[in-house]
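Colleague: Shown below is the structure under consideration.
The values are calculated or read from the model by the stated rules, or taken from the named source; none is laboratory data. Remember, it's a predicted structure, so these values are computed and weren't measured experimentally. All Cβ positions, glycine included, derive from the backbone under ideal geometry; neighbour counts span all protein chains shown.
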């Protein structure tokens, strides 16, 4: 069998596997969130829940201190793992662990010393919550240091392409965190204890990642030693990752911080809750397309441009189909979902926000396919450029729209910035990197879009039947099936897509499937 054919078959199998775990990463947190969020919000109150969200967002910004080294380390470890060069893997790990110990300590101290300024000068926090807010930042500072170290160990499964392991660990500890949070609040405790719980979970998670890393690569030796050549090699490669990370963090989290500063922390809750649901659209897609990085690197490295184009067309079509199928029901039933899930206050304040965020995360998600290919080829500078562009535009639009439109204006700013920049990014990557026409994305999507209109119309017509939470969720699930059914009825799937679907079914049923992809 030719190398290209083997790569395609391997890609198909890995893409299916990653897609399955992507679905789990998408569905399970949503289930937990739907089940637990109403109780958590009621128990903490909108102010304390908003403060908790702000603390998590602030830690994300301090996470930029990693300087892009974590992603660079994943790539470096993966390369040496393929060569079975365990000595070099240990050198990389030792350098990163020591670097992150120093960076994490510095970041933790920075959080501690800035806690008073953040709570009294930057954020609009009610006076009765000032002391507990400061304490939350102090506790979270230690968690930041632990998470920096745990993050290095957590990169090992990704480096050896064991995304299933990462997903299982994430699901187990995500579930434990939710259940224990509900238990703590049920027993009458509050924000302080919830933050302490998150600290404890971080410690246990780091320990588990250490055990898993040693099991996946028994030759690993944990140490803290600085190797100058490795650090600067990783820093050089991670520079554009850092720029992309900064831009991504601004795009994904700055809106929440600005809401807490420009309006009040209680309003953050009415933004974070719908965001936690809609953000999973992007999470589903990015989880499934993680495999693009090593595959595109291999194809580009051997000059197989035609196969690279074929991979792009296949993946983008599947991604567009799945993302559209899921996004439309969430958009159409936003108001009813929030009403029966969290009550009329959330429905009144968060429905339009949720409707703006659905297409935002849809477009961010589908853009991850060309972005993943660009990154795999080594064009991280392209991703960095467009990430900066969309982040700057988003911040500018927030300051223009938040005063006249409030929370809805901030959500609209996010959507508008993505609508303006991401189509340009898709065109550029297709035209200049994939050597396509630049309109391949839209040529593939227009048929799915037309079917999506039909799906949306049918979903809209059955809104009156959404008379309870169970009925609403059921109608959303049924509506999500409309687009794939129409896609099959109109005989749109290619032979390659049918093979992919057959492989997917065999994974669920346990039956053997010999179709090559």
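Colleague: Hey, could you check the stretch 281-307 for residues that are over 20 Å from the mean Cα position of the chain (by Cα), part of a helix (DSSP H, G or I) and modelled with pLDDT under 80 and say which is surrounded by the fewest Cβ atoms within 10 Å (Cβ to Cβ)?
Modeller: Checking each candidate, the answer is 301.
Colleague: Hey, another quick one. Checking residue 226 against (1) at pLDDT 80 or above; (2) touching a helix residue (DSSP H, G or I) at 6+ places or on another chain (Cβ under 8 Å); (3) over 23 Å from residue 283 (Cβ atoms), only one condition comes out false. Which one?
Modeller: Only one criterion is unmet by residue 226, namely (1).
Colleague: How do the helices (runs of 4 or more DSSP H) wholly within the stretch 69-183 filter down when requiring 1 or more residues that are closer than 19 Å to residue 198 by Cβ: which remain?
Modeller: 86-117, 130-159
Colleague: Does at least one position in the stretch 190-208 carry a residue that is at pLDDT 85 or above, out of contact with any strand residue (DSSP E or B) (no Cβ under 9 Å at 6 or more places or on another chain), outside any helix (DSSP H, G or I) and over 25 Å from residue 78 (Cβ atoms)?
Modeller: yes
Colleague: Quick one: which of 115, 176, 141 is in contact with a helix residue (DSSP H, G or I) (Cβ under 6 Å, 6 or more places away or on another chain) and within 29 Å of residue 220 (Cα to Cα)?
Modeller: 141
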